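A short worksheet on the structure shown next.
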Amino acid sequence: MRSALYAILTAVFSLTSASAQTASCTGSDLGDVRGLRNGKILEDGTILGISKVHINIDGYAKAYHPRNAEAGALIHLCNAGEVFLPNGTKYHGSVDNSTCAGRFMNDVARIRDAGWRDPSVGLVRWYGIFGKGEAGIRGQRVKGIEPVFQENGSGFFVSPTSFADQTLTDAADQRRYVNPLRIPAAVVPSSSFLTERGVVMGSFGVAIDRRTRIPVPFVVGDSGPRVGEGTPALARSLAGLPITDSVTRRNRFAGQVDEARVLWVFFGSSIPPARYNHLDEQALVRSAKDAFIRWGGTARVDSCLH
């Protein structure tokens, strides 16, 4: 009896110790993950660090329109593409304000009038907008060159996200993509380091602003140049603002944080990723909250802030 009791107590102690160790923020310094400062990888594979929160509205049905703000678009078209010219130069439309409103729009108009596919005029590689087709220019293949309009006749372009409902096979169906006004979602850079550790589309994490100290569970919903971008739903939640569909050009950046003070935590392979069902988009929100609790919840994220 005594040996059986001893075995039970030993097992309980071992489980408790393992749980405490897993729930800690003990880890090692992280290598280069774009946008992440003071990065660490924890003993359970969690990846965390400090960054900003810039707004990513990709996935919204009224994100991009050829006439921009005049038509009610939240984001200027220049944020959605890269121009390739016959002389070998290329540039992103958002490089600066004058390029955005001037050179980019002028080049896009010429390329559009030539049918989008004429390398003697130029090509646009669309990334904030769903583009089809490809063509060569100066020995380089450029994909996604013809922007696709939504089929509802609204005049808005299809704005995709990397995380999508795979049951909708038509990539031009706007319903396929994560709604950034309703779903707290994060952007991560394309990185084999992150992918190999389970930070993939549909995986989970939590963000917390050191000022408001409101933990916001999120899903990884899109790819981008760096850590530090999130949907309006994520940014508003971090700031203590309500999630709303009434996002306009005036309040579209509500909750944005321009200094590196937000702790981003990616649970990685410790919690399996989800699938997206556009008929129940709130399932992602519920799953993110459940994943946060399984990871360690508020107590653990508070310990990671110190």
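Of note:
- Exclusive hit being at pLDDT below 95 and basic (Lys, Arg), set Arg249, Arg213: Arg249
- Test: Thr99 is among the hydroxyl-bearing types (Ser, Thr, Tyr), in the same structural domain as Val148 (by TED's automatic domain parsing) and in contact with a strand residue (DSSP E or B) (Cβ under 9 Å, 6 or more places away or on another chain): yes
- Selection within the stretch 172-184 - more than 18 Å from Ile129 (Cα to Cα) and buried (at least 21 other Cβ atoms within 10 Å of the Cβ): Ile183, Pro184
- Selection status of Thr195, hydroxyl-bearing (Ser, Thr, Tyr), without any contact (Cβ under 8 Å) to a residue 24 or more places away in the chain and not in a strand (DSSP E or B): yes
- Residue within the stretch 140-154 that is touching a strand residue (DSSP E or B) at 6+ places or on another chain (Cβ under 9 Å), in a loop (DSSP other than H, G, I, E, B) and outside the structural domain of Gln282 (by TED's automatic domain parsing) present: yes
- Where a residue in the stretch 164-179 is assigned to a loop (DSSP other than H, G, I, E, B) and its partner, wherever it lies, is surrounded by 15 or more Cβ atoms within 10 Å (Cβ to Cβ) and among the hydroxyl-bearing types (Ser, Thr, Tyr), with Cβ under 7 Å and at least six apart: Asp165/Tyr276; Val178/Thr161; Val178/Tyr276; Asn179/Tyr60
- When we screen Ala71, Ala164 for residues that are at pLDDT 95 or above, among the hydrophobic types (A, V, I, L, M, F, W, C) and exposed (fewer than 15 other Cβ atoms within 10 Å of the Cβ), the only hit is Ala71.
- Top-ranked residue in the stretch 35-85 [being assigned to a loop (DSSP other than H, G, I, E, B) and among the aliphatic types (A, V, I, L, M); ranked as farthest from Arg211 (Cα to Cα)]: Leu85
- Of residues in the stretch 86-127 being touching a residue at least 40 places away in the same chain (Cβ under 8 Å) and assigned to a loop (DSSP other than H, G, I, E, B), the one nearest to the chain's Cα centre (by Cα): Tyr127
- Flag if Ser270 is of a type in the set (Ser, Thr, Tyr) and farther than 18 Å from Pro180 by Cα: yes
The values are calculated or read from the model by the stated rules, or taken from the named source; none is laboratory data. Keep in mind the model is a prediction, meaning the values are calculated, not measured. For neighbour counting, all protein chains shown are included, and Cβ atoms are generated from backbone atoms with ideal geometry for every residue, glycine included.
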